[in-house]
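Working notes, beginning with the structure itself.
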Protein chains: 2
Amino acid sequence: MKTAQEKLKSNYEENKHICVGLDPDKLKIPSSLLTSDDPVFQFNKEIIDATKDLALGYKLNFAFFESEGIKGIETLYKTIEYIGDNHFIIGDAKRGDIGNTAEKYAHSLFNEFKVDASTLHPYMGFDSIEPFLNYHEKLNFILVLTSNPGAADFEKVRISNDKFLYQEVLTKVLSWNKHKNLGIVFGATQISELEGNVSSFEGLPVLLPGVGAQGGSLEDVVRLFIKYKNNNFIINSSRGIIYKSNGNDFAEQARIELSKLNQAVAENKI
Amino acid sequence: MKTAQEKLKSNYEENKHICVGLDPDKLKIPSSLLTSDDPVFQFNKEIIDATKDLALGYKLNFAFFESEGIKGIETLYKTIEYIGDNHFIIGDAKRGDIGNTAEKYAHSLFNEFKVDASTLHPYMGFDSIEPFLNYHEKLNFILVLTSNPGAADFEKVRISNDKFLYQEVLTKVLSWNKHKNLGIVFGATQISELEGNVSSFEGLPVLLPGVGAQGGSLEDVVRLFIKYKNNNFIINSSRGIIYKSNGNDFAEQARIELSKLNQAVAENKI
């Protein structure tokens, strides 16, 4: 089986940078699916079938599964299994806790759910990240600057004349990256901050949520990375792809939308 | 059914301030339980039976359940149901994500797991907390200053001459507390910071992890709150209670340890 790092590399070689975010909401999926035994799995399955040759991978938003109780967790396991070993899978659970607890979360994500990558909160510091670093063939995306309005509350707090908190997180992530299994989350909506910091990323894979529904521009992001000769970026789109159509053509429309995004990446990489 | 706020009040009236932390680890529970259908549930059940008349409530550390896969989540649901409506239950899941995702996490914790309280990361700011605020009869403990060494990495970063990041989080939590359903997490290991800030807590319930295994002193914490005429505190002990004995007398020893902690609270409240 390929490591997370190898999976990313192969994807980049094929010019694949778009990750499909699976945030499946029972209230938003086509009503024709509701007669299925497991409508959410059916929805995911059709999206995966329609996009798997075009996508870099899938980001599973754990909240949308956990909110459906045990049944939802079963759907999450089934979905990960259905995607299979050949795709890059991000377990977007945004965990973060003290050492002995973080160990359990890491075990849950990497050995139980068997995802390739986690997303983690930095707030509690090094020992909340450390147990994840012991998985050398996995990747851990630490929240640096997120795509939401609340990023202004703490992430953008100034901690010195020339540094904001999110930049201190970036500095620490770089210093913790002995095993090359760390990455960062940087909101695609934060384009000027992205431009101001991209030269400091030093080979960290960057997960960029926030294009589409949240207002970030894919074109701006791609142009910026290319300008700085950095190919190590993953653009996530969730609602923009999976809910492109709310009719029975949702999977076909998801594929068309993903093709357009791939096209836009290709055009702006020149 | 009582609200989270009412449950806390009744507990305080009975001088109950100790929350039993359920971090059940299959590798640490007595081997005699391993023949049971669900050893972890059996362990929790015996701990609960032995402590329920003495405890303020229970804090369930989600990581320890999630790390056992679907079976672990089933145990978590069963444990919450077994504790029942009369005790204060904290779903210690330390979630934190953008608005539409936070809505799902809040639904999961309060409507599916049916806990009284959550623990939340502040890093992503207001919109990651807001959906939880709509549950007026629940409580949400925001991480302010945690008990672990990593607290020094970001939480204790200075953001101005007279303010650290964790104090900015405290300030914001107070400003967001329109519905009186916010509380804070403050590590019992951080006693000098606790002394420096307790006068600013303004009636926020304070969850204090870190006594026992992590090195915090229960006596120091209680004396401090009483000195500042603040009765709104919850001291959590996990390993110190549930693993007091690793023999077949684990439940009995947990009860004895909890009694001692209650006694220590009572003596230091005078």
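Each reported figure results from applying straightforward, stated rules to the coordinates on display, with no laboratory input. Computed from a predicted structure; not experimentally measured. As a convention, Cβ positions derive from the backbone with ideal geometry for all residues, glycine included, and neighbour counts pool all protein chains shown.
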Q.
Using each residue's phi in the range B:192-206, evaluate 6.51 cos²θ - 1.76 cosθ + 1.60 at θ = phi - 60° and report the 3J(HN,Hα) Karplus result to the nearest Hz, with x for Gly and Pro.
A. 6, 5, 4, 4, x, 10, 4, 6, 9, 6, 6, x, 6, x, 10
Q) Got a sec to turn the phi values of the range B:173-188 into Karplus ³J(HN,Hα) couplings, 6.51 cos²θ - 1.76 cosθ + 1.60 with θ = phi - 60°, whole Hz, x for Gly and Pro? A) 4, 4, 6, 8, 8, 4, 9, 6, 10, 10, x, 9, 9, 9, x, 5
Q) Near the amide H of A:Leu22, under 5 Å away, which other amide H atoms are found, from residues 5 or more places off or on another chain, if H is placed in the peptide plane? A) A:Lys59, A:Leu60, A:Asn61
Q. Under a Cβ-Cβ cut-off of 15 Å, what is the net charge of the residues other than B:Pro39 that fall near it, where Lys and Arg count +1 and Asp and Glu count -1?
A. -2
Q: Search the structure for amide H atoms under 5 Å from the amide H of B:Phe88, placed 1.01 Å from N in the peptide plane, and list their residues when 5 or more places away or on another chain.
A: B:Tyr58
Q: Mind listing the label-point distances from B:Ser259 to the same position on all other copies, shortest first, one decimal in nm, points 7 Å along Cα→Cβ?
A: 7.4
Q: Rounded to the nearest 0.05, what FRET efficiency do A:Tyr228 and A:Lys163 give with R0 = 25 Å and r taken as the Cβ-Cβ distance? Could you check?
A: 0.80
(Q) For chain B, take the longest principal axis of its alpha carbons; what is the angle in degrees between that and the long axis of helix B:39-51, to the nearest 10 within 0 to 90? (A) 70 degrees
Q) Peptide A:117-129: average number of partner chain Cβ atoms within 10 Å per residue? A) 6
Q: With 30 Å as the limit, write out which pairs from B:Lys26/B:Lys260; A:Lys28/A:Lys104; A:Lys71/B:Lys59; A:Lys2/A:Lys269; A:Lys180/B:Lys78 have Cα-Cα distances beyond it, or answer none.
A: A:Lys28/A:Lys104; A:Lys180/B:Lys78
Q: Quote the FRET efficiency, to the nearest 0.05, computed for B:Asn15 versus A:Glu13 with a Förster distance R0 of 45 Å and r equal to the Cβ-Cβ distance.
A: 0.10
Q: Set the Förster radius R0 to 22 Å, insert the Cβ-Cβ distance between A:Arg239 and A:Gln263 as r into 1/(1 + (r/R0)^6), and round the FRET efficiency to 0.05.
A: 0.65
(Q) I'd like the GluC sites (Glu not before Pro) in the range A:159-221 restricted to DSSP loop residues with at most 16 other Cβ atoms within 10 Å, sorted by number. (A) A:Glu202
Q. So what's the protein assembly as shown giving for Cα Rg divided by 2.2 N^0.38 Å, two decimals?
A. 0.96
**Q.** Nm distances between copies for B:Asp53, ranked from closest, using label points 7 Å along Cα→Cβ
**A.** 7.0
Q | Shortest-first distances to equivalent copies, position A:Gly196, nm, label 7 Å out along Cβ | A | 2.7
Q) Over the range A:4-269, how many percent of alpha carbon pairs lie in each 5 Å bin up to the one with the longest distance? A) 1, 6, 14, 18, 19, 18, 13, 8, 3, 1, 0, 0
Q) Points 7 angstrom from Cα along the Cβ direction at B:Glu130 and B:Lys156: gap in nanometres? A) 3.4 nm
Q | Nitroxide proxy distance, nm - points 7 Å out along Cα→Cβ at A:Asn246 and A:Met1 | A | 3.8 nm
Q) Over what distance in Å are the Cα centres of the range B:40-63 and the range B:126-178 separated? A) 28 Å
Q.
Give the average, rounded to an integer, of partner chain Cβ atoms located within 10 angstrom of each Cβ in B:156-165.
A. 3
Q: Rounded to whole Hz and in sequence order, give me ³J(HN,Hα) for the range A:153-164 from the Karplus expression 6.51 cos²θ - 1.76 cosθ + 1.60, θ = phi - 60°, writing x for Gly and Pro.
A: 5, 10, 4, 9, 6, 7, 10, 7, 4, 10, 8, 9
